[in-house]
Amino acid sequence: MENTLSSPRDRILETARDLIRRFGGDKTNVVDIAQAMGLSHSAIYRHFRSKAEIFDALAAATMAEEAALAETFVDAGGPAAERLTALVLALSRSKRAKFADDPEMYALYRRIVDERPDLVVDYARRMTGLVRRILADGVARNEFGPLDLDAAAGAVSDAVTVFVHPAHVEAAAKAGLDQEARLRNLMAIMAAGLAAGRG
């Protein structure tokens, strides 16, 4: 199958992703990636300084995909509470699917939590910003009561972390917990609280 990815960086990342899925992150290195591409390892180093940088880029790409998924709910039609619930459910389902169906890439993603907190903080900031936009829309439509939007968005993000943080998703999956039902209950309670005080 012909590779239609446009840039050398994209091709390197796609090759690395394939190797990680086959052999795991610990057994994948720059030389392996170069050999799989028919290149010298020095060609890889023109685009990435190290294996860790390649792995960071793969994790960042996953985070960007999740942010794009979340963004689809921000300006969608329907009540703000429903969009907020749909956003969080989609993220939770995405994380659970990655853990179940793509364990090697999930392990790579999970590593970022410990080794690259700056990426995690940036991701959390972006997601909280999306939550804030939905809350602001809910206030403007009088679906929610008056809110300190920054505080409310932070509180919502904190409350749902247990359902979307890689470590918690992994622990819940191993324990066989029904995360969907628990998350729906939480979102219903939060929606009721957000609606309190409407004019």
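Collect the residues in the stretch 95-112 that are free of Cβ contacts under 8 Å to residues at least 40 places away in the same chain and of a type in the set (D, E), keeping them in residue-number order. Step through it out loud before you land on a result.
Of the residues in the stretch 95-112, the ones free of Cβ contacts under 8 Å to residues at least 40 places away in the same chain are 97-98, 101, 103.
Within the stretch 95-112, just D101 meets the criteria.
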From the options V74, V30, residue that is closer than 30 Å to R198 by Cα and among the β-branched types (V, I, T) = V74
Scan R22, R9 and give me the residue that is closer than 30 Å to T128 by Cβ, basic (K, R) and modelled with pLDDT under 95.
-> R9
Any idea which of D75, D32 is over 30 Å from A155 (Cα atoms) and either charged (D, E, K, R) or not assigned by TED's automatic domain parsing to the domain that holds L119 (or both)?
-> D32
Please work out if D10 is touching a residue at least 12 places away in the same chain (Cβ under 8 Å), at negative phi and surrounded by fewer than 18 Cβ atoms within 10 Å (Cβ to Cβ).
-> no
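Give me the helices (runs of 4 or more DSSP H) completely within the stretch 1-92, filtered to those with at least 2 residues that are within 23 Å of the chain's Cα centre (by Cα), ordered by residue number.
On the way: elements: 8-23, 30-37, 41-45, 51-74.
Those helices (runs of 4 or more DSSP H) span 8-23, 51-74.
Given the criteria surrounded by 14 or more Cβ atoms within 10 Å (Cβ to Cβ) and either farther than 22 Å from A64 by Cα or of a type in the set (D, E, K, R) (or both), does M105 qualify?
Working: surrounded by 14 or more Cβ atoms within 10 Å (Cβ to Cβ): yes; either farther than 22 Å from A64 by Cα or of a type in the set (D, E, K, R) (or both): no.
When the stated conditions are applied, M105 does not pass them.
The values are calculated or read from the model by the stated rules, or taken from the named source; none is laboratory data. These numbers were taken from a predicted model, which means no experiment stands behind them. All Cβ positions, even for glycine, are placed from backbone atoms using ideal geometry, and neighbour counts span all protein chains on display.
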